[in-house]
Amino acid sequence: MLGEYRIEGRRAAEIAASVERGVGSGGLLPGQPLPPMRELATELGVNPNTVAAAYRTLRERGVIETAGRRGSRVRSRPASTWREEIRVEPPEGVRDVAGGNPDPALLPSLAEAFAGSAARAAADPVLYGAAPVVPELDRLARAGLDADGVPAGPLAVTSGALDAIERVLAAHLRPGDAVAVEDPGWGSLLDLIPALGLRPIPVAVDDDGPLPEAVERALERGARALLVTSRAQNPTGASIGAARARELRAVLAAHPGTLLVEDDHGHGIVDLPLHPLAGGTEHWAFVRSVAKAYGPDLRLAVLTGDEITVDRVSGRQRLGPGWVSHLLQEAVVRLWRAGAVDTAVVAASYGARRDALVTALRARRIAAHGRSGMNVWVPVPDETGAVARLLQSGWAVAPGARFRLDSPPGVRVTVSPLGLGDDIEAMADALAEAVAGPRGRASVGRFG
C-alpha cells in the first residue's frame, strides 16, 4: 500500500512524525491510502489506540483525511506541503512575471521614516508594559477605516495580513471546522487552512468577488467562517462592488453565526471604493496590511473586529510575540503622515498595465481577468503545457495550481515588471501562443 516508504514509531507522536516526514519527502503522495489502524498497529507492535491517536493528530494538522469505511489517506494537498513549491524557477534570460511583488519604483523610500522612528526610540525607549498599539497609529488607522465605512471596533496590530487571519481563525475555530474560501484564491491562505487542521470549502468567484450562491452553499454545508478579499483579489484581481456587497450581506444575515474575515491588502494600490461586508454577523474581522503599498518587508497589518475577536487575538498575542515593534509602527505612522504613497498614482500605474494586457489578450481572443491590483488571471485549457510553452518563449508565469482548489486551470501574470507598449504586446503574443497549444487554436476560458 505504501510502496517503499515504511511508517515507524512506538508512540503516537513518533508515528505521526514519521507520516509527516513521508509526506514532506514525497515518500507518501497526496491521495495515497494509509494502512488501516489495526494493520499498522500489528506491524509496529503497538496498541491500536496508539495508531488511532497518531491518525487523529495528523487529521487535526491537516496532513491526512478520513473517509469513513474507505479509511485514511494523505490529503490531496497536505498541510506539510507549500504551494510556493508549485512554481517555475526562471532561468537566465527569462522574464519573471510570476512573483506577485509590487513595482519597486512605486514603493516609497523608508529611510526618513525609520530614521525618525529610531530617533524617537532613542529619546523615549519602549519598555515592557507599554501599550501594544502606538496611539497615533491607532488614531490614523481608525480614521481611515471610518472613512471607508468599516464598522467601529477595537484595533490590534499584527505582523502582516496572514498573521492576522491565522490569529482570528485560531481564536474561534477548532481542528476539523470548515472554512469557506475563494477559489481561485491566495495560495498562502490555502496552505494555512489545512495547517490549522481546518477544512476548506471552495467558493467560486467572478470579477465582483465571491458568488453569493456559492457562499450560501458553503455555509449550508457547515462552513463556520467565510474569508473574502475586498479588492485586488489574488490571483484574479476581483473587487467587491456595491451590488455584490449587498447580496453577500444578505446571505450572511441569514447565517449570523458565521465568522467573517475580510482582507483589504489592496489598500493603497487600488482606487476602487471599499464595500465592507461586516455588520451582519456576531463575529467579524477586517484586516488591512501595508505590504503592497509600502513594501513587503513592512510586516504590519491593522486588525479591527468585534470586541470578543480582537480581545482573543490580542490576548493570545501577548502570550507569544507580545506586540509588533513600536519602531515599525512609528515608521508606518510617519509614512502615513507624509503621504508617502499617492494611491491615485499607484492605482493608475498598475491599472494602465493591467488593462493594456487584458485588452491585448482579448484582441487575440484570449479571456483574461484583472479588475484591480497588480495581477491578471488567464484561464487556460492545459495549465502545465501553457506554463512550459511560456517558459520556452522567455516568460515565467505563476501556475494556477498554486491558487486553485476546484476551479478550472489558469495562469497568473503579475504586471509589476511590465512596461507599457512592447512589453505588453510581447507578453500577449506569448500567452496567445501558449494558450493555443500545439493545435494552434486560441481558447476563451473562464474562472470560478
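How big is the C-alpha Rg of segment 12-74 next to the rule-of-thumb value 2.2 N^0.38 Å, as a ratio?
Working: Rg = 10.6 Å, N = 63, 2.2 N^0.38 = 10.6 Å.
Taking the Cα Rg and dividing by 2.2 N^0.38 Å, one obtains 1.00.
Taking the mean number of other Cβ atoms within 10 Å as a proxy for protection, how do you rank 327-338, 225-236, 370-381 from highest to lowest?
Working: 327-338: 20.0, 225-236: 27.7, 370-381: 26.2.
Order by mean packing, descending: 225-236, 370-381, 327-338.
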Please provide three numbers in whole Å: the alpha-carbon extents of the chain along the principal axes, with the largest listed first.
-> 68, 65, 47
Could you list which residues have their amide H under 5 Å from that of His283, counting only those 5 or more apart in sequence or on another chain, with H placed in the peptide plane?
-> Leu260
Relative contact order of segment 111-338 (C-alpha contacts under 8 Å, at least 6 apart) in percent is 28 percent
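Wrap a convex hull around the Cα atoms of segment 289-356, take a quarter of its surface area, and give that in square nanometres. Before the final figure, lay out each step's value.
Details: hull surface 25.0 nm².
So the Cα hull casts an average projection of 6.2 nm².
Using the crude model of +1 on Lys and Arg Cβ and -1 on Asp and Glu Cβ, and no other charge, please compute the dipole size for the chain relative to its Cα centre, in debye to 20.
About 1120 debye.
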For segment 111-338, diffusion coefficient by Stokes-Einstein and Kirkwood Rh (Cα), 20 °C, 1.002 mPa s, µm²/s = 120 µm²/s
In Hz, Karplus ³J(HN,Hα) per residue of segment 194-207 (6.51, -1.76, 1.60; θ = phi - 60°; x = Gly, Pro) | x, 4, 8, x, 9, 9, x, 10, x, 10, 5, 10, 10, 5
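In units of 2.2 N^0.38 Å, what is the alpha-carbon radius of gyration of segment 204-290? Can you show the working numbers first?
Numbers: Rg = 12.1 Å, N = 87, 2.2 N^0.38 = 12.0 Å.
That ratio works out to 1.01.
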Positive minus negative residues near Val310 (Lys, Arg vs Asp, Glu; Cβ under 13 Å) | +1
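Each value in this text was obtained by applying a stated rule to the coordinates, not by laboratory testing. Just so you know, these numbers come straight off a predicted model, no measurement behind them. Here Cβ is always computed from backbone atoms with ideal geometry, including for glycine, and neighbour counts include all displayed protein chains.
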